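Participant: First the structure, then my questions, so here it is.
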Amino acid sequence: MKNLLLMTASIVALTAAAPAFAVDLAAQPVYTKAPPQPIAVALYDWGGFYAGVNGGWGSAHSSWDFAGTTPEGSHDASGGTLGGQIGYRWQIGQTVLGVEGQGNWADFNGSNVSSAFPTNVNQTKIDAFGLITGQIGYAISNVLLYAKGGTAIVGSSYQVNSVSAGTQLGSADTTRWGGVVGAGFEVNLTPNWSAGLEYDHVFMPTSNVNFTSAGGGAFGNDRVRQDFDLLTARLNYKFGWPLVLK
């Protein structure tokens, strides 16, 4: 009987102590792993001053009408071009706005035998051109897609040569204003250098070209319609630090 009483008292004591033990267990601190710190991501900022070089190919189409009324035919004047550009861009979100000035040497040559005067060859040469344009683009990190448009100034020379003798009969040099539209893309290669391709179409107003003979006298005039296409590769250097952290 004595042993039975002792066992009963022990069970009662354990039962009474169990809630207190559970409370002690629940009060233990819970440790959790700290969340990882956000990592700064470097993005290319297209805003700021830049300068660079360009080179490629161009092809002009010219149509001549003697005295503005008699068609003499058309020809293409094609060749290489090399030049440089300088500009400034502003980036707002993924939209990029900019202005740019470009100047190029050119060697676009072409000719045709005059349909009105078969003994003569009409020749066109574009020597140089400049572009002053505005840009609007869309940036996808280190890639920029853009369109451009503005004013063009073109230096051209025109010659009338003898088919048989190959001698120059008349010539004229002109500097004319026109317009330009274009599009291109640019890719960031290093923190400050980028490269891209650009297509431009330059259109010139129809104008009268007055020729001077080899002896210095007047040699008549032609109405000339002219435009040309350009495809150039570009390499730019952007001044300042071009990376931003996001």
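The values are calculated or read from the model by the stated rules, or taken from the named source; none is laboratory data. From a predicted model like this one, the values you see are computed outputs, not experimental measurements. Here the Cβ is made from the backbone with ideal geometry for all residues, glycine too, and neighbour counts use every protein chain on show. Quick note on the areas: whole protein, heavy atoms, side chains included, nothing else; ligands and nucleic acids left out. Shrake-Rupley method; radii C 1.70, N 1.55, O 1.52, S 1.80 Å.
Participant: Can you tell me, using C-alpha contacts under 8 Å and at least 6 residues apart, the relative contact order of the stretch 124-206 as a whole percent?
Facilitator: 27 percent
Participant: Pop the C-beta distance of Ser74 and Asn208 into the FRET formula with R0 = 25 Å and round what comes out to the nearest 0.05.
Facilitator: With a Förster radius of 25 Å, E is 0.90.
Participant: Assigning unit charges at the beta carbon (Lys, Arg +1; Asp, Glu -1) and nothing else, what dipole magnitude in debye, to the nearest 20, does the stretch 179-246 show about its Cα centre?
Facilitator: 220 debye
Participant: Moving on. Leaving ligands, DNA and RNA out of it, rank His75, His61 by accessible area with a 1.4 Å probe, largest first.
Facilitator: His61, His75
Participant: Going by amide H atoms built from the backbone, whose H comes under 5 Å of the H on Gly220, apart from near neighbours?
Facilitator: Residues meeting the criterion, in which the H sits 1.01 Å from N, are Phe211.
Participant: Same structure again: Show log10 I(q)/I(0) for the stretch 94-231 at q = 0.13, 0.22 Å⁻¹, two decimals, from a solvent-free Debye sum over equal Cα scatterers.
Facilitator: The Debye formula, applied to the Cα set alone, gives -0.66, -1.30.
Participant: Please give, to one decimal in nm, the separation of the simple spin-label points placed at Val113 and Val181, each 7 Å out from Cα toward the Cβ.
Facilitator: 3.8 nm
Participant: Continuing with the same structure: Given Gly68, Ile153, Gly98, which one lies farthest toward the positive end of the charge dipole of the stretch 66-169, if we put +1 on the Cβ of every Lys and Arg and -1 on the Cβ of every Asp and Glu?
Facilitator: Gly98
Participant: What list of ³J(HN,Hα) values in whole Hz, one per residue of the stretch 113-121 in order, does the Karplus curve 6.51 cos²θ - 1.76 cosθ + 1.60 (θ = phi - 60°) give from phi, with Gly and Pro shown as x?
Facilitator: For the stretch 113-121, the Karplus-derived couplings read 6, 4, 6, 8, 10, x, 8, 10, 10 Hz, x marking Gly and Pro.
Participant: Using θ = phi - 60° and the Karplus curve 6.51 cos²θ - 1.76 cosθ + 1.60, what whole-Hz ³J(HN,Hα) does each residue of the stretch 152-157 get, with Gly and Pro shown as x?
Facilitator: For the stretch 152-157, the Karplus-derived couplings read 10, 10, 10, x, 10, 10 Hz, x marking Gly and Pro.
Participant: Place a point 7 Å from the Cα of Ile132 along the Cα-to-Cβ direction; which residues of the stretch 162-188 have their backbone N under 19 Å from it?
Facilitator: 175-182
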